[in-house]
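Please read the structure below before turning to the comments.
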Amino acid sequence: MEIIQSLSVALGILFFSLLYCRFSTRRTGPSSKSLTPRLPPGSMGLPIIGETLQFFLPYTSDDISPFMSKRIQRYGPVFKTRLIGKPVIVSTDPEVNRLVLKQEGDGELLFQPWYSDSFNDIMGSDSLLALQGSVHKYMRNLVLEEFGPERLKSLLADMERHAARHLRSWSVRPSVELKDAVSTMIHSFTVEKVFSMSNDTEPVKEFKRCYDAFLRGLISFPIYIPGTSYWKCMQGRKGALNIVKRLMEQRRESPHKEQRDYLDFMIAEMKKDGSPLTEKVAIDLLFLLPFATFESTSSVIVTALHYLSKHPAALEELTREHEAILKGKQGMSESGGISWKEYKSMTFTHMVINETLRLTNIVPGIFRKAIKDVEVNGYLIPAGWTVMVYPGSVHLNPKVYADPLSFNPWRWKGQQLHSGSQNFMVFGGGVRLCAGADYVKVQMAIVFHHLVTKYRWEVIKGGEPIRYPGLVFAEGFHVNISEKNVDPQ
């Protein structure tokens, strides 16, 4: 989950949490091929602020940021910089990336996942993202109980009914801000399955308002003064946590006779002899899951529709694939919905998903801290320093992907479609591969299926993404969704 790391996503905050770390800097010249390794080349910029202003300049291109491209050209694939007064080592080098992202417990441990104190305050010091080693593996498996492929097979029909109901409601409105609408749809489904909270009720809406406040202040300086973005973020977290705690207390007082939801599962897990799952860890996880699922997934879905709107050939191919699935169901009960076999057969759909994820770079940085001095490619990474692996440099590399800035789902034809590899790090890497990766893909496939077979949409306002370096639709993504005309026969 290094989306729920990733799944959310959560996932742009990982990039900005780096800005608050504390570690010493060593002033050295550019690296050479001498026997003594040195820090990578680069500029630390102005005193204190370093190169922060250049780093945060917004841009509209799908390419890597001007900040990154200029420094890669000047210093090479590994360089140092200073942001908000803190030194950073950035790696776009495949060999360095492989070493830094080496799996935990695989041979000598040189790096470990790293998050700043402010990040732990925001996401929870006992959250899945902060845990390491065997405890992280145990917690990740708990997440897969609800969001892994086996569980998704049984959730598929409910997910489809839920998405179909929301799409119908959007189609009778003159305009829908799609990012907010998809976020609400996925959030309500998640809290229903995790907490058995009924959709469209006031408690669910209050839960969502807490997460929205949390999200708005997620990328902010850690100044805890009333009125600041960070304060609002922490107030949103506090409100959502109070709801989770209240739900857990109510469930313990009036337990279900049989396990109905994920909250029941977590309570039962805490009761097991020798279980490492404490109440605090459970609450942090239950807080994180709804946020990570709706935020990252809604961003990718909206970005996919942005690209499909501009590439009619891809939209036509996607529509043909899903209409073929409907034709194959003729004579069968419509209530059956999409089967898992049909979902797995959506070859072009998965190509669209992969291509969207590649261009979106929903995880703009993967962070590790050196446990000891590490020498690689003639460079020294000192113990205690944090390294940022920059996935965009791989996903947009013309040596890896031909014409990398083009939205071309067909580039994935005949390739194994997976979520984590040296050249495809959209959901993190190693044992930190996002546990919600399959959840994101299934949600996208279901929305695509109903949208392209039953509706048409038109962008009426906004729709152009801005990056700095996370991706947002500054003017929203306002669309008109209408039912397709049915041919009378």
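The values are calculated or read from the model by the stated rules, or taken from the named source; none is laboratory data. Remember, predicted model here, so these are calculated numbers, not experimental data. Note that we place each Cβ from the backbone using ideal geometry, even for glycine, and neighbour counts take in every protein chain shown. Each accessible area value is taken on the protein alone, full model and side chains, heavy atoms only, with ligands, DNA and RNA left out. Shrake-Rupley method; radii C 1.70, N 1.55, O 1.52, S 1.80 Å.
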Legend entry - Test: residue in the range 307-320 that is touching a residue at least 24 places away in the same chain (Cβ under 8 Å), open to solvent by less than 40 Å² (accessible area, probe 1.4 Å), within 21 Å of the chain's Cα centre (by Cα) and within 23 Å of residue 464 (Cα to Cα): yes
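Can you tell me which residue among 126, 158, 106, 121 is of a type outside the set (Gly, Ala, Ser), part of a helix (DSSP H, G or I) and at pLDDT below 85?
Criteria check complete, one pass: 121.
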Legend entry - Test for residue 280: is it of a type outside the set (A, V, I, L, M, F, W, C), over 14 Å from the mean Cα position of the chain (by Cα) and open to solvent by 60 Å² or more (accessible area, probe 1.4 Å): yes
Legend entry - Check on residue 299, within 30 Å of residue 240 (Cβ to Cβ), at pLDDT below 90 and of a type outside the set (Lys, Arg): yes
Legend entry - Residues of the range 129-155 classified as at pLDDT below 75, surrounded by 17 or more Cβ atoms within 10 Å (Cβ to Cβ) and in a helix (DSSP H, G or I), total: 1
Inset, instruction - With the condition kept exactly as written, say whether any residue in the range 149-171 is touching a residue at least 40 places away in the same chain (Cβ under 8 Å) and closer than 16 Å to residue 286 by Cβ. - result: no
Legend entry - Residues that are part of a helix (DSSP H, G or I) and over 20 Å from residue 339 (Cα atoms), drawn from the range 167-185: 168, 169, 170, 171, 178, 179, 180, 181, 182, 183, 184, 185
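For the range 390-406, enumerate the residues that are surrounded by fewer than 19 Cβ atoms within 10 Å (Cβ to Cβ) and not polar (S, T, N, Q). Please lay out each step first, then the result.
Just the residues of the range 390-406 that are surrounded by fewer than 19 Cβ atoms within 10 Å (Cβ to Cβ), to begin with: 397-400, 402-403, 405-406.
Listed by number, the residues that qualify are 398, 399, 400, 402, 403, 405.
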Legend entry - Pairs with Cβ under 9 Å, 6+ apart, first in the range 367-380 and open to solvent by 60 Å² or more (accessible area, probe 1.4 Å), second β-branched (Val, Ile, Thr) and not in a strand (DSSP E or B): 377/96
Legend entry - Residues of the range 54-76 satisfying the condition of being at pLDDT below 90, polar (S, T, N, Q) and in a helix (DSSP H, G or I): 54
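Pick from 426, 387: which is open to solvent by less than 10 Å² (accessible area, probe 1.4 Å), under 16 Å from the mean Cα position of the chain (by Cα) and at pLDDT below 90?
On the way: 387 fails: under 16 Å from the mean Cα position of the chain (by Cα).
Step by step, each of 426, 387 is checked, and only 426 is open to solvent by less than 10 Å² (accessible area, probe 1.4 Å), under 16 Å from the mean Cα position of the chain (by Cα) and at pLDDT below 90.
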Inset, instruction - Answer yes if at least one residue in the range 350-364 is at pLDDT 90 or above and open to solvent by 10 Å² or more (accessible area, probe 1.4 Å), and no otherwise. - result: yes
Inset, instruction - Answer yes or no as to whether residue 327 is closer than 21 Å to residue 426 by Cβ, without any contact (Cβ under 8 Å) to a residue 24 or more places away in the chain and out of contact with any strand residue (DSSP E or B) (no Cβ under 8 Å at 6 or more places or on another chain). - result: no
